[in-house]
Amino acid sequence: MLRRTMIAALMIALLAMTPACSLFRSIDNSSPEEMQKFQATKDELWDQTQALEREKAAARKQLADQEAEIARVKKELAYWQNETAQADGRFVELNKTVEALNNQLKQPPEPAPQPPQKAAPQGKQLLIKVLAGNGKIAAAHRLAKKLEGMGYRIEGTDLARRWDYKLTTIFYGPGSKKDAAVMAKRLGTGVVLKPRTWRSVFNLVVVSGRRP
């Protein structure tokens with residue numbers, strides 16, 4: 001019994017002399033230095049992970065900023081494309097206007113007006129209106145002036161609803177066909193007669209064509 005007691009006391013003394021760290025060696029027999037090194041490596045990995053997360057967040061923000069800039073540039077590009085298209089349209093219209101003015105300048109001057117000649121209204125005063133059938137009111141004014149030089153009284157001038165008349169056309173109302181024929185003869189070639197198919201207070205409606 002005494003022997004067993006002495007052995008137990010000896011073991012307790014040996015255990016007391018052993019450093020506390022050696023009592024807690026890991027199961028895989030890792031030393032405290034190895035455990036400390038492992039802990040340091042784990043901290044470094046955590047720091048690297050946090051750094052990567054911050055870099056990823058910064059990259060995402062940069063990508064979002066770049067996408068917003070691309071959208072702004074696209075919107076601005078669309079705006080300028082629309083402005084360019086409108087400017088091209090205005091340029092085309094301006095060229096048409098300039099071309100029309102050049103064509104008017106190239107036209108020969110109108111001949112001097114002939115002495116007024118009295119028309120033969122056959123016992124009644126004709127109501128006459130002159131329309132421009134080529135889209136240019138100046139054509140109606142020229143034709144009206146010509147008819148006034150022949151002695152006709154022109155009540156007014158305007159644009160026709162259609163602008164594709166090739167020849168000067170005289171529309172006559174009921175009872176005015178003979179008057180229209182006399183006017184056509186006096187105007188010369190390139191004049192056609194047609195009955196008026198709409199209501200009007202005018203006896204004759206004269207529409208200028210593209211060709212005299």
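So for region 31-107, if I pair up every lysine 8 or more residues apart or on another chain, how many of those pairs have alpha-carbons under 24 Å apart? Number of lysine pairs found: 4.
Partner lysines whose Cα lies under 16 Å from the Cα of Lys185, excluding those fewer than 8 positions away in the same chain, are identified as Lys118, Lys146, Lys177, Lys194. Each residue of region 85-91 was assigned a 3J(HN,Hα) from its phi angle through the Karplus expression (A = 6.51, B = -1.76, C = 1.60, θ = phi - 60°), giving 4, 5, 5, 4, x, 5, 5 Hz with x at Gly and Pro.
In sequence order, region 38-47 has phi-based couplings of 4, 4, 5, 5, 5, 5, 5, 4, 5, 5 Hz under the Karplus curve 6.51 cos²θ - 1.76 cosθ + 1.60, θ = phi - 60°, and Gly or Pro positions carry x.
Once you sort the root eigenvalues of the Cα gyration tensor of region 128-208 as a ≥ b ≥ c, which label holds: rounded (a/c under 1.5), prolate (a/b larger than b/c) or oblate (the other case)? Numbers along the way, then the final one.
Numbers: a/c = 1.32, a/b = 1.14, b/c = 1.16.
It is rounded, given that a/c, with a ≥ b ≥ c, falls under 1.5.
Distant-in-sequence amide contacts of Leu159, defined by a placed amide H-H separation under 5 Å and a gap of 5 or more residues or a different chain, comprise Ala132.
The fewest-to-most ranking of Ile70, Ile137, Ile154 by surrounding Cβ atoms within 10 Å reads Ile70, Ile137, Ile154.
Taken together, the values in this text are just the output of simple stated rules run on the coordinates, not laboratory data. The structure displayed is predicted, hence computed values, not measured ones. Counting neighbours? That spans all protein chains shown, and the Cβs are built from the backbone with ideal geometry, glycine included.
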